[in-house]
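As structure tokens, the structure follows; a few thoughts come after it.
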């Protein structure tokens, strides 16, 4: 609270350079013990215009900051997978946290009438301000976010200190401060009330009357209001000569008698404490200030520590509330009654919201959940179980539990190994929490039953098209059945969507449209979308068109209401432009769950600009929606209707051509991404069938863009692989599976990759394609050792090598030998890696592949190092780095620096080793290679330990341990053993 300053245990100041290092530290101190994400930190440093190298730049600033802080203090700044964390150690003081704690204690003391304690705590907290908060920060983002909170905290503390003086009758002592505060905050009425009382209590009755007159004039002129009712009452009571002590009691209220003496005591962080970080008095995101860890805080030593730490509340993770929700008053009331806990206390809280497709279950559930926030102060979570998606399997109970535990803040490394263990942990986490779990689109009871909360305050609300009768009979679920809207509600919805000026005087047309829509919200929204984009057509004509459109249409999924849904969709579909209508029906070929513009352009053989315009038209007609990533979605009913239109209007040849373009789009883009990461990309573009006319690929400029594309399309690629397998398109099955393998490996999804490999192997064998079969065996050979079965992996690699050699496929044989070398190394047979790696290098040197040569030389150097042949190892890895730099590509360069760090350590060149490891960590952080970051941090700790820098070693090993635990890697145990063996020394404090 002032300039950012840091002191160590001895009281010596640590000089943190101004600029971005200072901003990084402030951003972490503002949210102590919270992981601050990369995007948040980048925004704090560069605002809304970050450079392309922002991620690597951030890693550099963090590394420099740790160096500045020194080995003891730097241990608080930790890498946590998705960002960085400032983790205070016992005895650390952070001014803004301490000030908020003191405010909480002062309020508790005020409730108990211990005013001396109130004044002491408030004075200590106010003494922490050393000028304007965040005075030396260049980050406008941090200042905009946290300055308002800091100022509010200071003013609340000032008011508490003033109240303490008033309660003790010390009127003269506070008049100067009150005059200054009232002058600087002329519209703050609590200060005016207190200044009036202080003047009156000090015997300055005429001054008090004049003060009231001035305040009244100012408020009238600036706000057009009168003074507060309390101040007006004080004014009239003083005219009658009421005693000042009586007015003070009226202001401060009756207090509980003290129980522990007139000093500061009690605990902090009770729910509802205004202004305390992490409580309901202020948003958690604003519950900090850019103060520092300060020795001034030690003046509060007389104030006891809180009995328990403050824990941030669970985030509320609901999607946005529907913006134009109307009606459903009775249904909302029935939901409230069902969810009010009127069930036997020994049973879990379970409510079902059921009804046909398009009837508005999700909108109603989300509206109720948003309006019922007060009933669930511990959190509201949402999960779509995808029980009725046109393609793809519903979300399993185990996958749902994993997602919910992640939402509840449970890190991956704490998840039990078994599904039953994860369910038990989930129930334990929510056992005593007043939390709402909203499960949308449930297909069957088995998706819900494992997610039932234990008996207690937690509640589960599930939506479904099915009745889920077993949950009612066995689990005592309460059911709210949803029916179509009433005529009045339908009219209200159309009035809201179209505007009263459009519907005024057209009540009959509005009623007819609602009737044709069977009063279904989905149908009404689509109809309104059509009317909105054609304001030139009278509603009477639109109603007539809608009635005519339904004359020769059959049922969509049974029932009169469903017929009307189809009628409305048909009616709106007929009004689309030719381009948008064609794209709409062709989207039925897409496996989902969403699509980006380049894929849509390929599907319809359109230029991207035209494809985007068609998608925008669909969104305008409420026949699609778009999310914040620019990806387009459709309701299940819209997908079903598109499939019907596709079958009716497109011949087989056009459907097949469109699907070919879609498959080729994903496959070619994926192969490009794969080749940016693989040493030898297999399959290659030459392995693919000729590109169909009209196909586009997504431009991918570098490996980082490739990672982003793969992550965005991962679910689509998984669904596409199943589609291709079902369609018997064996060539694309093995090609897609092999090209997808590297991306899954980066995300440690080895099980998923092995499942895909099984499909691909069957496809390759049906084709009789020996090279394709070899590719798939190499997938198994890479994955199975990661899953703990290196012998099975080597068996598949032997098969792959034999098949490659029989086919004369030199790139595949070379890459297989490199993979064999990796497995032999894991098995401890390091000498066996040398001939394999030399064969690989012979091949890539002949082809001139510099990137592959660099990776091969690095692997060879790594083996030499572990065989004790250090000069040869150093020569290989230096050559690898030189070749890598010559390529101009920086992906995977951190691995090369890591190898050099290891070799220099073995050679006894500790300073050079430390330098290499730090470069490795920075490079891998910028690449997002969390596993390699952890390995380099572990080895850096080894070097620092050998240098005698035990604090630095502990810091580095802790970083490694956190990363390994996040990745659930077995190396975590090795790091724990290192930490257990290091001599314990008290780290310096920040």
query = Does residue 171 satisfy the criteria of being at pLDDT 80 or above, assigned by TED's automatic domain parsing to the domain that holds residue 207 and closer than 16 Å to residue 29 by Cβ?
reply = no
query = Quick check, is residue 118 within 23 Å of residue 10 (Cβ to Cβ) and either surrounded by 21 or more Cβ atoms within 10 Å (Cβ to Cβ) or not assigned by TED's automatic domain parsing to the domain that holds residue 10 (or both)?
reply = no
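In the range 296-320, what count of residues is obtained for those that are modelled with pLDDT under 80 and either surrounded by 19 or more Cβ atoms within 10 Å (Cβ to Cβ) or closer than 23 Å to residue 433 by Cα (or both)?
Of the residues in the range 296-320, 17 are modelled with pLDDT under 80 and either surrounded by 19 or more Cβ atoms within 10 Å (Cβ to Cβ) or closer than 23 Å to residue 433 by Cα (or both).
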ask   = Within the group 736, 724, 761, which residue is more than 21 Å from residue 813 (Cα to Cα) and crowded, with 21+ Cβ neighbours inside 10 Å?
value = 724
Failed condition for residue 491, given (1) part of a helix (DSSP H, G or I); (2) farther than 24 Å from residue 335 by Cβ; (3) without any contact (Cβ under 8 Å) to a residue 40 or more places away in the chain = (2)
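If you check residue 472 against the conditions, is it in a helix (DSSP H, G or I), in the same structural domain as residue 377 (by TED's automatic domain parsing) and either in contact (Cβ under 8 Å) with a residue 40 or more places away in the chain or touching a helix residue (DSSP H, G or I) at 6+ places or on another chain (Cβ under 9 Å) (or both)?
Details: in a helix (DSSP H, G or I): yes; in the same structural domain as residue 377 (by TED's automatic domain parsing): yes; either in contact (Cβ under 8 Å) with a residue 40 or more places away in the chain or touching a helix residue (DSSP H, G or I) at 6+ places or on another chain (Cβ under 9 Å) (or both): yes.
Here the answer is yes, as residue 472 does meet what is asked.
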message = Take residue 831 and tell me if it is touching a residue at least 24 places away in the same chain (Cβ under 8 Å), surrounded by fewer than 20 Cβ atoms within 10 Å (Cβ to Cβ), in a helix (DSSP H, G or I) and out of contact with any helix residue (DSSP H, G or I) (no Cβ under 7 Å at 6 or more places or on another chain).
response = yes
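Is it the case, given these coordinates, that residue 422 is in contact with a helix residue (DSSP H, G or I) (Cβ under 9 Å, 6 or more places away or on another chain) and within 27 Å of residue 976 (Cα to Cα)?
Yes: the conditions hold for residue 422.
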inquiry  = So for the range 395-415 (the condition being closer than 30 Å to residue 524 by Cα, surrounded by 15 or more Cβ atoms within 10 Å (Cβ to Cβ) and at pLDDT 85 or above), does at least one residue qualify?
reply    = yes
ask   = Only one residue in 157, 181 is crowded, with 17+ Cβ neighbours inside 10 Å, closer than 17 Å to residue 103 by Cβ and either out of contact with any helix residue (DSSP H, G or I) (no Cβ under 7 Å at 6 or more places or on another chain) or at pLDDT below 85 (or both), so which one is that?
value = 181
request  = Report yes if some residue within the range 866-886 is at pLDDT below 95, within 39 Å of the chain's Cα centre (by Cα), surrounded by fewer than 16 Cβ atoms within 10 Å (Cβ to Cβ) and not in a helix (DSSP H, G or I); otherwise report no.
outcome  = no
ask   = Out of all the residues in the range 574-628, which are part of a helix (DSSP H, G or I), free of Cβ contacts under 8 Å to residues at least 24 places away in the same chain and touching a strand residue (DSSP E or B) at 6+ places or on another chain (Cβ under 7 Å)?
value = 619
ask   = Has the range 88-99 got any residue that is without any contact (Cβ under 8 Å) to a residue 60 or more places away in the chain, closer than 30 Å to residue 964 by Cβ and touching a strand residue (DSSP E or B) at 6+ places or on another chain (Cβ under 6 Å)?
value = no
request  = Filter the range 129-147 for residues that are more than 14 Å from residue 27 (Cα to Cα) and in contact with a helix residue (DSSP H, G or I) (Cβ under 7 Å, 6 or more places away or on another chain) and give the result.
outcome  = 129
key: Single residue of the range 237-265 satisfying the filter (in a loop (DSSP other than H, G, I, E, B) and modelled with pLDDT of 50 or more) that is surrounded by the most Cβ atoms within 10 Å (Cβ to Cβ)   = 242
message = Go through (1) surrounded by 18 or more Cβ atoms within 10 Å (Cβ to Cβ); (2) touching a strand residue (DSSP E or B) at 6+ places or on another chain (Cβ under 8 Å) for residue 373 and report which single condition fails.
response = (1)
key: Checking residue 948 against (1) within 33 Å of the chain's Cα centre (by Cα); (2) more than 25 Å from residue 873 (Cβ to Cβ); (3) not in a helix (DSSP H, G or I), the condition it does not meet   = (1)
task = Would you check if there is a residue in the range 419-435 being buried (at least 19 other Cβ atoms within 10 Å of the Cβ), modelled with pLDDT of 85 or more and within 30 Å of residue 327 (Cβ to Cβ)?
result = yes
ask   = Name the pairs whose Cβ atoms lie under 6 Å apart, with the first residue in the range 789-815 and in contact (Cβ under 8 Å) with a residue 40 or more places away in the chain, the second surrounded by 15 or more Cβ atoms within 10 Å (Cβ to Cβ) and not in a loop (DSSP other than H, G, I, E, B), and 6 or more positions between them or separate chains?
value = 812/774; 812/804; 814/840; 814/843
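Yes/no matrix, rows are residues, columns are (1) on the phi > 0 side of the Ramachandran plot; (2) surrounded by fewer than 21 Cβ atoms within 10 Å (Cβ to Cβ); (3) modelled with pLDDT under 90:
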{"residue": "554", "(1), (2), (3)": "no, yes, yes"}
{"residue": "573", "(1), (2), (3)": "no, no, yes"}
{"residue": "590", "(1), (2), (3)": "no, no, no"}
{"residue": "605", "(1), (2), (3)": "yes, yes, no"}
{"residue": "610", "(1), (2), (3)": "no, yes, no"}
ask   = Within the range 691-707, is even one residue farther than 27 Å from residue 840 by Cβ, assigned to a helix (DSSP H, G or I) and at pLDDT below 90?
value = yes
note = Considering residues that are in contact (Cβ under 8 Å) with a residue 60 or more places away in the chain and surrounded by fewer than 23 Cβ atoms within 10 Å (Cβ to Cβ), the number found within the range 955-981 is 7
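The values are calculated or read from the model by the stated rules, or taken from the named source; none is laboratory data. For clarity, every value in this text was computed on a predicted model and none was experimentally measured. Cβ: placed from backbone, ideal geometry, glycine included. Neighbour counts: every protein chain shown.
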